[in-house]
1. Being charged (D, E, K, R) and at pLDDT below 95 is the filter; apply it to the range 242-271 and report the residue that is least open to solvent (accessible area, probe 1.4 Å).
2. Of the residues that make up the range 263-275, is at least one more than 19 Å from the chain's Cα centre (by Cα), of a type in the set (D, E, K, R) and within 30 Å of D354 (Cβ to Cβ)?
3. Can you confirm whether S302 is among the hydroxyl-bearing types (S, T, Y), part of a strand (DSSP E or B) and surrounded by 14 or more Cβ atoms within 10 Å (Cβ to Cβ)?
4. (1) in contact (Cβ under 8 Å) with a residue 24 or more places away in the chain; (2) touching a Leu at 6+ places or on another chain (Cβ under 8 Å); (3) surrounded by fewer than 19 Cβ atoms within 10 Å (Cβ to Cβ): which one isn't true of D21, the others all being true?
5. Checking T28 against (1) touching a helix residue (DSSP H, G or I) at 6+ places or on another chain (Cβ under 9 Å); (2) more than 30 Å from I236 (Cβ to Cβ); (3) open to solvent by 20 Å² or more (accessible area, probe 1.4 Å); (4) β-branched (V, I, T), which test does it fail?
6. Might you let me know whether the range 276-297 holds any residue that is crowded, with 24+ Cβ neighbours inside 10 Å, in a loop (DSSP other than H, G, I, E, B), touching a residue at least 12 places away in the same chain (Cβ under 8 Å) and aromatic (F, W, Y)?
7. Go through the residues of the range 325-347 one by one and say whether even a single one is among the small types (G, A, S), closer than 30 Å to E165 by Cα and surrounded by 15 or more Cβ atoms within 10 Å (Cβ to Cβ).
8. Considering each residue of the range 176-202, count those that are open to solvent by 60 Å² or more (accessible area, probe 1.4 Å), in contact with a Lys or Arg (Cβ under 8 Å, 6 or more places away or on another chain) and not in a loop (DSSP other than H, G, I, E, B), and give that number.
Amino acid sequence: MPYLQGGGAEKVLIDILRRIDRSAFELTILLIYKEGMYVDKIPSDIEVLSLYSCNSLNRQRLLRHLQMFGLYHKYVDFVYASKIRWLLRGRKFDTIVSFMEGAAVRLHSYILKKASRNVSWVHIDLLTKHWSKDYFRNDAHEKAIYAKMDGIAFVSCESRDKFKELFNYDRNNLKVIYNLIPKEEIIALSERGKIKYDKFTIVLVGRLNEQKCFSRAIEVANLLRKDNLEFNMTIIGEGEERESLQELIDNYNLRGYVNMPGFKQPPYPYMKGADIYLSVSKSEGYPLTLCEAMCLGLPVISTRTSGSVEIIEESEYGVLVDHKVDAIYAKVKGMMMSESMRSYYAGKSSERSDDFDIENTLLQITSFLSWQSGYMIK
């Protein structure tokens, strides 16, 4: 992994590492930068290696300048490849996993020969948001590395299908494994330090970045305020867009309506006390926070993205909406104004969450990791 910031893929990885059978697996995690909110959550019996202690400002400046002058890929092929090979000198593994797109896959390509099985995870619809492309010379380079993997796991059927379309990929080594959702633990953690809101509350959770598109939610809040509705919108998370989002809140004079309390670990007490869970992402793979909201029995509204369509199933278990602000506003207002609708979809959320089978998911993961390694999990 590149690092362990507070994102969905990082959270899923920690949940897997905590639960995987130690009698069957000896684990090492390799980070490019040993930093992030989840570093301290790595179980103590897991070996942790890193290329760098942190992503310093000087290194960020260096990489930006190398990109400007077209030298980035030569630098990565020499410096990063040398560092990872030196760090793992003399070592062999049954399986190596790049658990994320982009940098993790690029680094994985330098050590393919160190394992009898190499696999990768894709957590997003790369056709809609091909964020990983900057880590490769071109699409053909990225595709060629994926083609060397023994298996590629996708967190939703649609993210798999969009991957095949993006890369014109026809190898039969693709598998869908839904994210591990520890429902009972989520419910238990939600009872710690209960949060009570004094207004109707809409909650959103995620990294404050362009993909999550929280600016849409703030636009929706502005329209709701113009309708003279009393509400609270809480956006839980941290990220590079905090300043611009706060500026938007201030421009619309929404400080009494929209608040961003930062990253909360766990976020479940803040979620449980809300009336609606809202997801406004541009793209997703299998939105973890949407599933967590369902575990807590919250009625959910989500933009149409990979994963959310499979989870909600054409508004069977929640409300799906197109990506336009006016459309999101109409659905949110409709649910705000209808207690019976909220009650109905709260029940459907709880019903859907009964399908989150942690033991079955973990079995799929361990079998995928160990296939052909000589330690196939039965």
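1. This residue is K264.
2. Within the range 263-275, one or more residues are more than 19 Å from the chain's Cα centre (by Cα), of a type in the set (D, E, K, R) and within 30 Å of D354 (Cβ to Cβ).
3. yes
4. (2) is the only condition that D21 fails.
5. So the condition that T28 fails would be (1).
6. Within the range 276-297, one or more residues are crowded, with 24+ Cβ neighbours inside 10 Å, in a loop (DSSP other than H, G, I, E, B), touching a residue at least 12 places away in the same chain (Cβ under 8 Å) and aromatic (F, W, Y).
7. Within the range 325-347 (the criterion being among the small types (G, A, S), closer than 30 Å to E165 by Cα and surrounded by 15 or more Cβ atoms within 10 Å (Cβ to Cβ)), the answer is no, since none of the residues qualifies.
8. 0
The values are calculated or read from the model by the stated rules, or taken from the named source; none is laboratory data. Since the structure is predicted, the reported quantities are computational estimates derived from the model, not experimental observations. Counting neighbours? That spans all protein chains shown, and the Cβs are built from the backbone with ideal geometry, glycine included. Side chains included, ligands, DNA and RNA excluded: accessible areas come from the protein's heavy atoms. Shrake-Rupley method; radii C 1.70, N 1.55, O 1.52, S 1.80 Å.
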